[in-house]
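Every read-out reported here was derived from the displayed coordinates using simple, explicitly stated rules and does not represent laboratory data. Computed from a prediction, not measured in an experiment: that's the story for all the values here. Here the Cβ positions follow ideal geometry from the backbone for every residue, glycine too, while neighbour counts run over all protein chains shown.
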Amino acid sequence: MDPDIIVDVIGETCPVPLVEMRKAVLKAEKGKVIEVKGTHPASKQEIPMAVDSLGLKLLKTEESDGIWHIYIRR
Amino acid sequence: MQDRIYMDNSATSQPDPQVVKAMLPYFIEQYAVASSQFSHTPGIQAREGLDQAREIITKKLNAEQESVIFTSGGTESNNLALKGTAWAHQGKKNHLVISKIVHNSVLHSAQWLEKQGFDITYIDVDEQGFIDPDHIREAITNQTILVSVQHANHEVGTIQPVQEIARICQDADTLFHIDACRSFTMLDLNLQTLPADLVSITGHLIHGPKGVGALYIRPGTKIQKWQHGGYHEFDKRAGTENVAGIVGFGKSVELAQQKHVDYIRGLQKQLMDGLIQEIKGTVINGPLDPDKRHPGNVNVSFSRVEGESVVLHLDMKGISVITGSACFSRSLEPSYVMMAMGFSHERAHGSIRFTLSRFNQESEIGRVIRSCNDVVESLRKISPLQ
């Protein structure tokens, strides 16, 4: 999946991944795909919660080598 | 996305449309500098707008003529109250008394004065944020210039016993300053019966504009002018007056009514009761007695969750509130108010402040409680805190 925007929060802990994800969502145009990639386990669970609250579409979540990738459609 | 619910009215409030309407002519037609009766007509008209606002505010405080000067807001009023009185007494007295939970504009002014050689006594508060007036009495010496207390606290809403503290200061011949930025028009503030010498107030917390406040100075109070230039504001504060802002401030005071306070207190009770009943592990921060709490303030801590996560998730559900958590503050420290109240770091980190106004609807309360419940429940499932 080719994202339009990549939010790299590898190594960051709560609440930074959520804050950066929100920032990207607010800037992105409707229909754009945002990839958030990080390592903090709680954020991996919190970001889908936020996607739901914002009424956005969660496209895919995957993880490899301790790095998770969350794809969201604005 | 549903309509946004704004419950951060202790940070700033929504300007009343009538306030904005009252201000507009002073941007478009009556934009002249407020001038004396010997000046041109537009200047005189601007002066009339300014004088009328001063009269409304003076009347609301039941204060003396020419005792209210306009400033750029509560922060400037607090700075002037502390620094102005300290410098006016320099060389004769050198001591000030403040509580530990005053607003930063008082706290940092006092800390700055400390660096200039003044002595400051910081008064403790109890676990609900109350000052013991006896502690003020014990702290006052023959060197004390001023005692400064916040009428209603900005974070937890604690209403201080200002009447009793005022009497103590009066008996000790010490100036008494009240930061009433959160309480003005919400709580009784009658300067004929309350012997305060200085009172700070601001417009934007009562549905007026930002960038305008005022300082009441009891006639005869020695205060050093801090901002130099012209002879504005009875020669106590130089600078061209923000006429449009001042007119808006006056209008916001004129619009304030007791029925709004009663309405807000009703919302406060519904929200506080609902959060306690619906969400296990919720504790109230600040006074438990509603009569001793600012009518618009609800501050709670949810156990096992971080405040900033709650705030972010509520924001994404369209609800604006804030937290006393460290990550949320620009200082990266947990709320100094809550630390002074003896709270644990966990309780301060989990604190959420909801501050209500007359523009909040009863229907919003249920949605806020449900959203808090959803967010807290979800966050607890992934919380490392046990």
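Sequence-distant contacts, meaning Cα pairs under 8 Å at least 6 residues apart, place the relative contact order of chain B at 22 percent. Taking a point 7 Å out from the Cα of residue B:127 in the direction of its Cβ, the residues of segment B:262-276 whose backbone N falls within less than 20 Å of it are B:273, B:276. Inter-label distance, residue A:19 to residue B:381: 2.6 nm, where each label sits 7 Å from its Cα along the C-beta direction. Cβ crowding within 10 Å, taken as a proxy for footprinting-reagent exposure, orders B:262, B:374, A:8 from fewest neighbours to most as B:262, A:8, B:374. Cβ-to-Cβ counts within 10 Å put B:184, B:38 in ascending order as B:38, B:184, the fewest first. Here the Karplus curve 6.51 cos²θ - 1.76 cosθ + 1.60, taken at θ = phi - 60°, turns the phi angles of segment B:360-368 into couplings of 6, 9, 4, 5, 6, 4, x, 5, 5 Hz, with x standing for Gly and Pro. In order along segment B:183-188, the Karplus-derived 3J(HN,Hα) couplings, from 6.51 cos²θ - 1.76 cosθ + 1.60 at θ = phi - 60°, round to 9, 4, 6, 9, 10, 5 Hz, and Gly and Pro are given as x. The stretch between residue B:36 and residue B:115 holds 24.4 nm of extra length on full extension. This uses 0.36 nm per residue minus the Cα-Cα distance.
Taken about its Cα centre, chain B carries a charge dipole of about 440 debye when Lys and Arg each add +1 at the Cβ and Asp and Glu each add -1 at the Cβ.
Averaged over peptide A:41-47, the number of partner chain Cβ atoms lying within 10 Å of each residue's Cβ comes to 3. With neighbours defined as other Cβ atoms within 10 Å of a residue's Cβ, the residues B:70, B:302 order from fewest to most as B:302, B:70.
For residue B:34, the amide hydrogen comes within under 5 Å of the amide hydrogens of B:241, counting only partners 5 or more places away or on other chains and with H modelled in the peptide plane. Classify chain B as rounded, prolate or oblate, taking a ≥ b ≥ c as the square roots of the eigenvalues of its Cα gyration tensor: rounded when a/c is under 1.5, otherwise prolate if a/b is larger than b/c and oblate if not. Oblate, since a/c reaches 1.5 and b/c is not below a/b.
Between the C-alpha center of segment B:242-295 and that of segment B:93-142 there is a gap of 27 Å. Highest mean packing comes first when the peptides B:24-31, B:266-273, B:148-155 are listed by Cβ atoms within 10 Å, giving B:148-155, B:266-273, B:24-31.
Between the amide H of residue B:183 and those of B:152, distances stay under 5 Å, these residues lying 5 or more places away or on another chain, with hydrogens modeled in the peptide plane. Think of the protein assembly as shown as a dipole: +1 on every Lys or Arg Cβ, -1 on every Asp or Glu Cβ, centred on the Cα centre; then among B:99, B:159, B:243, B:243 lies furthest on the positive end. Running Debye on the protein assembly as shown with equal point scatterers at the Cα sites and no solvent, what base-10 log of I(q)/I(0) appears at q = 0.07, 0.10, 0.12 Å⁻¹? At q = 0.07, 0.10, 0.12 Å⁻¹ the computed log10 ratios are -0.42, -0.80, -1.05.
Run lengths n ≥ 4 of DSSP H only: what is the helix-derived mean residue ellipticity at 222 nm for the protein assembly as shown, with -39500 (n - 2.57) per run over all residues, to the nearest 500?
Rounded to the nearest 500, the figure is -12000 deg cm²/dmol.
Applied to segment B:250-258, the Karplus parametrisation 6.51 cos²θ - 1.76 cosθ + 1.60 on θ = phi - 60° returns per-residue 3J(HN,Hα) values of x, 5, 5, 6, 4, 7, 5, 9, 4 Hz, with x for Gly and Pro. Efficiency by 1/(1 + (r/R0)^6): what FRET value for residue B:138 and residue B:190, r their Cβ-Cβ distance, R0 = 35 Å, to the nearest 0.05? Once rounded, the FRET efficiency stands at 0.80.
Averaging the sequence gap over all C-alpha pairs within less than 8 Å and six or more residues apart, then dividing by the number of residues, gives chain A a relative contact order of 35 percent.
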